[in-house]
């Protein structure tokens, strides 16, 4: 019999909101978060109009908020966020489904366009695998750039099939 596997999107599926915005708000507070969105609104509008890519818009926002942060501080912020804030955004029915699948012996994998940095500790606490966007760090500083491609759309499928031989699963 084949092994079972289940893939879940994170933002808006397991959670009830976009955690990218929430990590900005957690790190800098509502005022600075809102200011960052206002200052970067031309790029966000261009993205909504299809004039710039999701990756480009995301990198602009990540650079604005995290582009000069020491990697250790960033990791600590992400771990604190995952421990104290993220659980409040988790949909109870999604968590129930994950646990039900695990109890039935299925491997559970979260596949997210969000950076794995603020999901990893939560995913590890549940014993689920994580495929996510990776942020670039140079000289122990978060650059705000994405290392490789944003784990969004077709990139999610590419990563899943690069990691898992799906014919071996149900």
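Some points to look at:
- Adding -39500 (n - 2.57) for every DSSP H run of four residues or longer, then dividing by how many residues the chain holds, sets the calculated 222 nm ellipticity at -15500 deg cm²/dmol.
- Over the range 1-62, all Cα pairs binned in 10 Å intervals from 0 give whole-percent P(r) values of 19, 38, 28, 8, 5, 1, listed from short to long.
- Residue 163-residue 141 pseudo-label distance in nm [points 7 Å out on the Cα-to-Cβ vector]: 3.0
- The label point for residue 95 and the one for residue 63, both projected 7 Å from the Cα toward the Cβ, are 3.7 nm apart.
- The modelled label-to-label distance between residue 28 and residue 102, using points 7 Å beyond Cα along the C-beta direction, is 3.4 nm.
- Straightening the chain between residue 84 and residue 3 buys 25.8 nm, computed as 0.36 nm per residue apart minus the Cα-Cα spacing.
- Taking every DSSP beta bridge that has both ends in the chain, the antiparallel portion is near 35%.
- Gyration tensor (Cα) of the chain, equivalent ellipsoid semi-axes in angstrom: 29, 18, 15
Any read-out appearing in this document is the output of simple, stated calculations on the displayed coordinates, not a laboratory observation. Fair warning: this is a prediction, and the values are worked out from it, not measured in the lab. Cβ: placed from backbone, ideal geometry, glycine included. Neighbour counts: every protein chain shown.
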